[in-house]
Structures are given as structure tokens and as C-alpha cells.
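Okay, structure first, notes after.
The values are calculated or read from the model by the stated rules, or taken from the named source; none is laboratory data. Since the model is a prediction, treat every value here as computed from it, not as a measurement. Here the Cβ positions follow ideal geometry from the backbone for every residue, glycine too, while neighbour counts run over all protein chains shown. The protein model used for the area step is the full one, side chains on, heavy atoms only, and it has no ligands, DNA or RNA in it. Shrake-Rupley method; radii C 1.70, N 1.55, O 1.52, S 1.80 Å.
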Amino acid sequence: MPGGAEGRDVRPEFSEKFQKDFETLLKWRRDVRRFKQAPLPKGVLDHLLHLADLAPSVGNSQPWRIVVVDSAEARAGIIESFEAENEEAAKTYSDDKALTYRQLKLAGLKEAPVHLAIFCDDDPEQGHGLGRLTMPETLAYSTVSMIHTFWLAARAEGIGVGWVSILDPDAVTKALQVDAGWRLVAYLCVGYPEEEHVDPELERARWQARTPLASRIIHR
């Protein structure tokens, strides 16, 4: 409800059901690597990006720069970078771990109908530098906040997102011909999941289980 009696916005009341549904959404927000090739309905991607743009940012700078990668040529360049970097990553493991690594599906680049390259402008005019003099990395953190907002919005509509980090940022920047001053933060595959799982894929593959939160909280 916009605007109270004195011109202030009225705080919404989130029901207990909504709170439980939100917890469920967080549990089902999983990194998806297996996609159906069916395209998203018209207007859905724009809607999700508008929701993502509501994310907070340091100095209200909105430093994220979003490239929708549609061309076959650009996608081929991304896939080439992934395959090269994935092979190099595999060589860092040995024995059973190396075998397990090579069996992991770590990207849905060839199947996902939507590819998004998310960059951060490291020196945006917007925001006038507020809040980032001592911690300029907050621009990238803000961009990650936008990505997570997009991820939750997509999952709420049954759409999956996969974050591909096994890429050479310079190769991606070159393939997409973007401003050299932009820094690659994420490359996202987006589409309807081929499978639905509430547990992380890396747990199912016995690569790494989640650990208790208490082991990562320190009191001083």
C-alpha cells in the first residue's frame, strides 16, 4: 500500500505462509546445469531483469551491466573458453578426485535457451563514488546482490539459473566486445530445469556436502 497519512510508505505485512514459502524458495534455489531447450515465454526475461534491478547497490550506483548473449558466434566463443578452462581445472586434481571432477556436469551452455553475461562497471559515474572509497569492491558485491535477486525471482517462476565460473574473463570480454573497463562477475545460463532437486548437485555427486552453520560463526 503506497503512501500513509503523512506521506510515508506503509510497511507491508508478510504472512506466515509467505514467510514459509520464502524459506522454501531459498531451499529450492539451486545451481542448475541441466536445462530444457524450450525458450522462455515472451516478456519473462525482461520481467525478471526488472525485478533484479531492484537490488541494493553501494551509493545507489547500479553498477551491473547485463549482456544478453544471443548470437551463435558469441556463444561458441564462450563454450570454447569453458572447455579450455575446464580441462586445465581437471589437471589440478589427481586419482579419484580427478575422475569425479571429469564426471561432473558443470555448465548448461549448450542447452540453456538464455545466456547472460553480468559485468560490473568499476568506475560508474552514477553514485558519485559514495561508499566505495575505502572498499571499491562493494561495486562487485552490489552486482552479486543483483544476480542473487534475479536468481530468486527466476526460481519463483520455476526457471532455473546456473552460474558458470570456469571461464577466462578476458576471453569473455573479447568474445562479447564490451567495454574494457567492465569486469566480468558472472556468466549465467537460464531456462527451465530438465530435473528438479532440492539438494545441491555437488552433494549428489559426493563432491562436497554442506557443513553446519555453527562451524562458520565466530563470536568475539
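Considering only residues of segment 169-181 that are aliphatic (A, V, I, L, M) and surrounded by fewer than 18 Cβ atoms within 10 Å (Cβ to Cβ), which is farthest from the chain's Cα centre (by Cα)?
A180
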Query raised in the report: Quick one: which of R33, R29 is closer than 29 Å to A156 by Cα, basic (K, R) and open to solvent by 40 Å² or more (accessible area, probe 1.4 Å)?
Result: R29
Report summary line: A156 vs (1) over 12 Å from the mean Cα position of the chain (by Cα); (2) more than 17 Å from R29 (Cα to Cα): all pass except (2)
Requested in this report: Could you please find all residues in segment 85-96 being open to solvent by 50 Å² or more (accessible area, probe 1.4 Å) and touching a residue at least 60 places away in the same chain (Cβ under 8 Å)?
Outcome: E85
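Let's see how each residue does on (1) open to solvent by 30 Å² or more (accessible area, probe 1.4 Å); (2) touching a His at 6+ places or on another chain (Cβ under 9 Å); (3) not charged (D, E, K, R):
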site: I118; (1), (2), (3): no, no, yes
site: L130; (1), (2), (3): yes, no, yes
site: T134; (1), (2), (3): yes, no, yes
site: T138; (1), (2), (3): no, no, yes
site: S142; (1), (2), (3): no, no, yes
site: A156; (1), (2), (3): yes, no, yes
site: L167; (1), (2), (3): no, no, yes
site: R183; (1), (2), (3): yes, no, no
site: P193; (1), (2), (3): no, no, yes
Query - Residue check, K105 in a loop (DSSP other than H, G, I, E, B) and of a type in the set (K, R) - result: yes
Query raised in the report: Within the group Y192, Y141, which residue is under 18 Å from L45 (Cα atoms) and of a type in the set (F, W, Y)?
Result: Y192
**Report entry** Residues satisfying the stated conditions in segment 108-143, i.e. charged (D, E, K, R) and free of Cβ contacts under 8 Å to residues at least 40 places away in the same chain
**Finding:** K110, E125, E137
**Report entry** Residue list for segment 171-181, restricted to those being of a type in the set (G, A, S) and either touching a His at 6+ places or on another chain (Cβ under 6 Å) or without any contact (Cβ under 8 Å) to a residue 60 or more places away in the chain (or both)
**Finding:** A180
Report summary line: The number of residues in segment 200-220 that are surrounded by 10 or more Cβ atoms within 10 Å (Cβ to Cβ) and without any contact (Cβ under 8 Å) to a residue 60 or more places away in the chain is 1
Requested in this report: Collect the residues in segment 36-74 that are under 26 Å from D123 (Cα atoms), open to solvent by 50 Å² or more (accessible area, probe 1.4 Å) and outside any strand (DSSP E or B), keeping them in residue-number order.
Outcome: D46, H50, L51, D53, L54, P56, N60, Q62
Query raised in the report: If you scan segment 102-116, which residues turn out to be acidic (D, E) and open to solvent by less than 20 Å² (accessible area, probe 1.4 Å)?
Result: none
Query raised in the report: Can you name the number of the only condition in (1) open to solvent by less than 90 Å² (accessible area, probe 1.4 Å); (2) aliphatic (A, V, I, L, M); (3) assigned to a helix (DSSP H, G or I) that L99 fails?
Result: (1)
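Restricting attention to segment 144-154, and to residues there that are aliphatic (A, V, I, L, M) and in contact (Cβ under 8 Å) with a residue 60 or more places away in the chain, which single residue is surrounded by the fewest Cβ atoms within 10 Å (Cβ to Cβ)?
If we take residues in segment 144-154 being aliphatic (A, V, I, L, M) and in contact (Cβ under 8 Å) with a residue 60 or more places away in the chain, then L152 is surrounded by the fewest Cβ atoms within 10 Å (Cβ to Cβ).
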